[in-house]
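Below is one structure, written out as structure tokens; the observations come after it.
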Amino acid sequence: MELNDTDRKIIEASIREIKDFPKEGIIFKDITTLLNNKEAYTLLMNHLYTRYKEYHLEYIAGIDARGFIFGAALAQMLQIGFVPIRKKGKLPYTTIGEKYALEYGEDEIEVHIDAFGKKKGAKVLIIDDLIATGGTANAAATLVNKTGAECVECCFIIALTFLDGIKKLEEKTEVYSLIKVD
């Protein structure tokens, strides 16, 4: 199910753009104004609920940190578990990790080894606020699958389509984004 044009415009209008942040030449998509806009946030969350209620998901995995906001709320609406995917060293129990390339160097994300229960093949939706180059999202999808669970889709509020992150990710899993920025 796709978002209708009227609702998309309301949600899109609620996202503030900040020029030259975090560095010159970048237009930052600030979701804090979406979060504090009760009409836009409610439209967004109701749309996500409607889209995913028939997927028979068992978990939502949110990518550190803005994915937690949308993921935990959606998991509660769907009455399923929420799993945080965190930066290396932030989780207190035994973890498995996945490294990914940055512009200069690499980073790593982790999840608890038992995050998706003992049953193999648990159906998981990964969610985050934005996909750009797709490094973190690709690592998250790989990480979910490494646990024995199944990443059935990755969901993003905003996709920066000019950076090709979605194309790389689509080689691993289905991808859904509400707002596309060319």
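Residue-level analysis places Tyr52 outside the set of residues that are out of contact with any Pro (no Cβ under 8 Å at 6 or more places or on another chain), surrounded by 15 or more Cβ atoms within 10 Å (Cβ to Cβ) and closer than 19 Å to Ala139 by Cβ.
For the stretch 120-141, indicate whether the set of residues that are free of Cβ contacts under 8 Å to residues at least 24 places away in the same chain and under 25 Å from Tyr55 (Cα atoms) is non-empty. Among the residues of the stretch 120-141, not one is free of Cβ contacts under 8 Å to residues at least 24 places away in the same chain and under 25 Å from Tyr55 (Cα atoms), which makes the answer no. Among what's in the stretch 145-175 and is under 13 Å from the mean Cα position of the chain (by Cα) and of a type in the set (A, V, I, L, M), pick the residue that is farthest from Phe28 (Cα to Cα). Among those residues, the one meeting the criterion is Val152.
The single condition among (1) in contact with a Leu (Cβ under 9 Å, 6 or more places away or on another chain); (2) closer than 27 Å to Asn36 by Cα; (3) surrounded by fewer than 22 Cβ atoms within 10 Å (Cβ to Cβ) that Asp64 does not satisfy is (1). Please identify the pairs in which a residue from the stretch 20-45 that is more than 15 Å from Leu160 (Cβ to Cβ) and modelled with pLDDT of 95 or more has its Cβ atom under 6 Å from the Cβ atom of a residue that is in a loop (DSSP other than H, G, I, E, B) and polar (S, T, N, Q), counting only partners at least 6 apart or on another chain. Within 6 Å, the pairs are Thr33/Ser14; Leu34/Ser14; Asn37/Ser14; Ala40/Ser14. Of the strands (runs of 3 or more DSSP E) lying entirely inside the stretch 4-85, the ones with 2 or more residues being under 17 Å from the mean Cα position of the chain (by Cα) are found at 27-30, 59-63.
Restricting to the stretch 136-159, and then to whatever is among the hydrophobic types (A, V, I, L, M, F, W, C) and in contact with a Leu (Cβ under 7 Å, 6 or more places away or on another chain), can you tell me which residue is farthest from Ile126 (Cα to Cα)?
The qualifying residue farthest from Ile126 (Cα to Cα) is Ile158.
The values are calculated or read from the model by the stated rules, or taken from the named source; none is laboratory data. Source: prediction; values computed, not measured. Ideal geometry is used to build each Cβ from the backbone, glycine not excepted, and the neighbour counts take in all protein chains shown.
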